[in-house]
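The values are calculated or read from the model by the stated rules, or taken from the named source; none is laboratory data. Worth saying up front: this structure is predicted, and the values here are computed from it rather than measured. Positions of Cβ are generated from backbone atoms using ideal geometry, with glycine treated the same way; all protein chains shown enter the neighbour counts.
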Amino acid sequence: MDIKHVKDYLYWLYFQYLLITCCYVLEPWERSMFHTIFITVFAMVVYTAYVFIPIHIHLLFIVQLNQT
C-alpha cells in the first residue's frame with residue numbers, strides 16, 4: 001500500500017466520521033468546538049478505563065480466590 005492509498009483511506013475514514021456525527025452540516029467554529037468536546041470526553045473515558053478497569057479486575061480475582 002503506497003502513501004496515496006493511505007492518504008485516501010484516512011480521508012475516507014474522516015469523511016465517514018463526519019457523516020456519522022453529522023459534523024459536515026456545522027459551521028467551522030461549531031465543528032472545532034464539537035471536535036474539542038468529543039476528544040476531551042473520549043480522552044477522559046480512555047483514561048478512566050486505563051486507571052480503574054485493572055483495579056476492578058484485580059479485586060474480582062481476589063474475591064473469586066477467597067470464595068474457593
Flagged pairs (Cβ under 8 angstrom, 6 or more apart or on separate chains; first in the stretch 32-53, within 21 Å of Thr21 (Cβ to Cβ); second polar (S, T, N, Q)) are Phe34/Thr21; Phe38/Thr21
Just checking, does the stretch 58-66 include any residue being part of a helix (DSSP H, G or I), surrounded by 10 or more Cβ atoms within 10 Å (Cβ to Cβ), within 21 Å of the chain's Cα centre (by Cα) and at pLDDT 90 or above? no
Scanning the stretch 26-36 for residues that are part of a helix (DSSP H, G or I) and exposed (fewer than 10 other Cβ atoms within 10 Å of the Cβ) gives Pro28, Trp29
